[in-house]
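The values are calculated or read from the model by the stated rules, or taken from the named source; none is laboratory data. Since this is a predicted model, take the numbers as computed values, not measurements. Cβ sites come from the backbone with ideal geometry, for glycine too, and all protein chains shown count toward neighbours.
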Amino acid sequence: MKKILITGGAGFIGSHVVRRFVNNYPNYQIINLDKLTYAGNLLNLKDIEQRPNYKFIKGDIVDAAFIDQLFTEEQIDSVIHLAAESHVDRSISNPLEFVMTNVVGTVNLLNAARHQWKHAYSNHRFYHVSTDEVYGSLGETGLFTEETAYDPHSPYSASKASSDHFVRSYHDTYGIDAVISNCSNNYGSFHFPEKLIPLSINNIKNNLPIPVYGKGENIRDWLWVEDHARAIDLIFHQAPAGSTYNIGGHNEWTNIDLIRLLCKIMDQKLGREPGSSAKLITFVTDRAGHDLRYAIDSSKLQADLGWKPSLQFEEGLEKTVDWFLNNEEWLQSVTSGNYQSYYNDQYGKR
Ligand code: NAD
Ligand code: TYD
């Protein structure tokens, strides 16, 4: 039985990847390694936690001795690495935590793989899941391709860029079979409500202000999370060693247009007067170093592996709103505890 270590599997994207692999590959043993930070939640995987080909291990990728031991004891065959600190605003308040998890944690995993797999690197794969934010910010035109030079601006994107460089260096120096994908902004179920879409859904539902940074003119390219998980599956199984793929939705929205669409959907779903949720829109101080525009050219992935996004944004956003409205217990559990103090620190000062 092939043993696949998925790191960060209790987080937003990781939980979709774990679920997909557990369901689609009964002949793989899936080990989910997660520290269960504020962003990790085992409720995200309740539906598959009893499955015979799934195992959860709580642990920290920053702990090198623990990671080495895990690779030896579990005889890990391949890694899909998603564990990370992932929120730009938190990286501005606490950059070092991002260096530790995103850079040191990634190098610890690479070192364990390098030692454990040294007799036959080609039988093993190290898949590093990264972000389009490593490429920096676009002007009004152009798209990020796999050849775009790295130009990160936030401590988050700088730490992800650094981890990408380490992964490539371990392929080039030691011969590890490594692949990387850089994806645009995801949305969907189990999205932690510190990010724009779930935070806005939660606030609209509770009649709280929707904080829009600056003038709301920044542009993101949104992709349904299950389309990302499907791309990860294809790349893991079919991409050549040493390759990189960009993944994106061909779906650019200014933040303000997106929020207006969300308000319209929420008015319908909650049976409110048309236009009432939009009254909650509140322009607040802009994020420091705020990248203007991200947009992905995913033609390499489409041509090589036949992938394309499956959902139109309006349909995906409606599905996402339905999920949040039908999963009150999940939303309550992730917004209790220290979510409130994070929220006050982050938005009280804007
Ligand atoms: P997330 O914050 O929802 O989840 C991260 C998970 O990693 C959590 O379960 C957390 O507990 C775990 N984790 C954090 N530090 C850890 C540590 N030291 N040891 C072990 N586990 C730890 O993040 P996400 O949005 O699901 O993103 C997953 C990956 O995809 C990240 O690498 C991120 O950079 C990348 N990515 C995210 C997006 C996006 O739109 N969210 C887009 C492109 C790429
Ligand atoms: P976010 O979901 O944090 O993702 P990222 O910064 O990684 O792209 O933010 C998406 C966009 O929304 C980004 O331009 C910042 C903006 N934003 C707001 O306007 N208000 C908010 O409360 C948040 C969290 C984000």
statement: If we ask which residues in region 1-24 are in a helix (DSSP H, G or I) and buried (at least 23 other Cβ atoms within 10 Å of the Cβ), their number turns out to be 9
- prompt: Residue check, Thr101 against (1) buried (at least 19 other Cβ atoms within 10 Å of the Cβ); (2) among the polar types (S, T, N, Q); (3) modelled with pLDDT under 95, all met but one. Which one?
  reply: (3)
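Kindly indicate which of Ile256, Ile180 is of a type in the set (A, V, I, L, M), within 16 Å of ligand 2 (Cβ to nearest atom) and either under 30 Å from Pro274 (Cβ atoms) or buried (at least 23 other Cβ atoms within 10 Å of the Cβ) (or both). Can you show your working first?
On the way: Ile180 fails: within 16 Å of ligand 2 (Cβ to nearest atom).
Unique residue meeting the criteria: Ile256.
Looking at the structure I just gave you, is Asn32 of a type outside the set (Val, Ile, Thr), buried (at least 22 other Cβ atoms within 10 Å of the Cβ) and not in a helix (DSSP H, G or I)?
Details: of a type outside the set (Val, Ile, Thr): yes; buried (at least 22 other Cβ atoms within 10 Å of the Cβ): yes; not in a helix (DSSP H, G or I): yes.
Considered against the rule, which asks whether it is of a type outside the set (Val, Ile, Thr), buried (at least 22 other Cβ atoms within 10 Å of the Cβ) and not in a helix (DSSP H, G or I), Asn32 comes out as yes.
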message: Taking the conditions exactly as written (crowded, with 20+ Cβ neighbours inside 10 Å, modelled with pLDDT of 95 or more and basic (Lys, Arg)), does Arg220 satisfy them or not?
response: yes
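Residue by residue, here is whether (1) in contact with a Cys (Cβ under 9 Å, 6 or more places away or on another chain); (2) away from ligand 1 (no atom under 12 Å from the Cβ); (3) closer than 14 Å to Tyr245 by Cα; (4) among the polar types (S, T, N, Q) holds:
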{"site": "Leu143", "(1), (2), (3), (4)": "no, yes, yes, no"}
{"site": "His153", "(1), (2), (3), (4)": "no, yes, no, no"}
{"site": "Asp164", "(1), (2), (3), (4)": "no, no, yes, no"}
{"site": "Ala178", "(1), (2), (3), (4)": "no, yes, yes, no"}
{"site": "Pro198", "(1), (2), (3), (4)": "no, no, no, no"}
Residue under evaluation Ile197, criteria (1) buried (at least 19 other Cβ atoms within 10 Å of the Cβ); (2) more than 15 Å from ligand 2 (Cβ to nearest atom); (3) in a helix (DSSP H, G or I), criterion not met: (2)
- prompt: Right, Val88: away from ligand 2 (no atom under 16 Å from the Cβ) and of a type in the set (Val, Ile, Thr) or not?
  reply: no
